[in-house]
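All remarks here apply to the structure that follows.
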Amino acid sequence: MFSTWIQYPEQEGEPGSAAQHLECWVHDVHVLTCSWQVGREAPRDVQYHLYLENVNTEQRWQCPQYTANDQGTHVQCRFGNISGFASTQYRLLVNGTSKDSRIRCSELVTPLSYIEKLSAPNMTTSCNKSDSIMEWKMSSHLNTNFKYELEIQKGTDAPYIQKVWKTSFVLSSPRVYTARIRAVVSDLPPGQWSAPQRFGEWAPFRPPSGECQGLRAPARHGSTQ
């Protein structure tokens, strides 16, 4: 997560009144969240407001959804759907108001692609008689050119990482195994891991030849199916 905060030079207002430690990140593909702390010298009645501005066009959007602290002061903003926003330079500006004081501004300027927390790819699997085929789809409208890290654990063996540049991987002669995956793109931290998926079968149950099934636990005594 990239974060910084900048005070405008020669601003009017009390030093220390600006929102501090402004951080913004894109997550869950289409959600933008920003958070900050109340300035150390801000008056008790301070209220902060966040604006998202396209640096190139100067078009500006006001925060649609705030979270407040116990004093009612805004300390977080959420844009629920930024799917229509391009990966270009944006200014995230937090200004403030007070009845008796002028409040300084804080800002963060960054391409949205730089602050994305990559979501986990959606992985599915299919099998033939000898192989397990894993396929996945990555969702992001801000970043491209993904690489992937596939963590595989066969039975009780130690897990290992398989680096993949495509959106599929074939595991030959699989036993019972667990797999999860995450996306990697240059200049960003690795993305979130997908939930582990387990594949194979429990003895004595055997799937019909040519089928791929998830782990099936033995039926409890007296249960019906």
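Each reported figure results from applying straightforward, stated rules to the coordinates on display, with no laboratory input. Keep in mind the model is a prediction, meaning the values are calculated, not measured. In this analysis, Cβ positions are derived from the backbone assuming ideal geometry, glycine residues included, and neighbour counts consider all displayed protein chains.
Taking N as the number of residues in region 6-115, what is its Cα Rg relative to 2.2 N^0.38 Å?
Working: Rg = 13.8 Å, N = 110, 2.2 N^0.38 = 13.1 Å.
Dividing the Cα Rg of region 6-115 by 2.2 N^0.38 Å gives 1.05.
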For R198 and E135, compute 0.36 nm times the residue count separating them, minus their Cα-Cα distance, and round to one decimal in nm.
21.2 nm
Going by average Cβ density within 10 Å per residue, which order do the peptides 104-112, 155-163, 142-150 take, highest to lowest?
104-112, 142-150, 155-163
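Which of the peptides 57-69, 33-45 is most tightly packed, and how do the rest follow, going by the mean number of other Cβ atoms within 10 Å of each residue?
Working: 57-69: 11.5, 33-45: 17.1.
Going from most to least packed, we get 33-45, 57-69.
So for region 122-199, if I pair up every lysine 8 or more residues apart or on another chain, how many of those pairs have alpha-carbons under 13 Å apart?
Working: K137/K147; K137/K166; K147/K163; K147/K166.
Total qualifying Lys-Lys pairs in region 122-199 comes to 4.
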Gain upon complete extension [N145, W61; 0.36 nm per residue less C-alpha separation]:
27.3 nm
With r as the distance between the Cβ atoms of V109 and V164 and R0 = 30 Å, compute the FRET efficiency 1/(1 + (r/R0)^6) and round to 0.05.
0.30
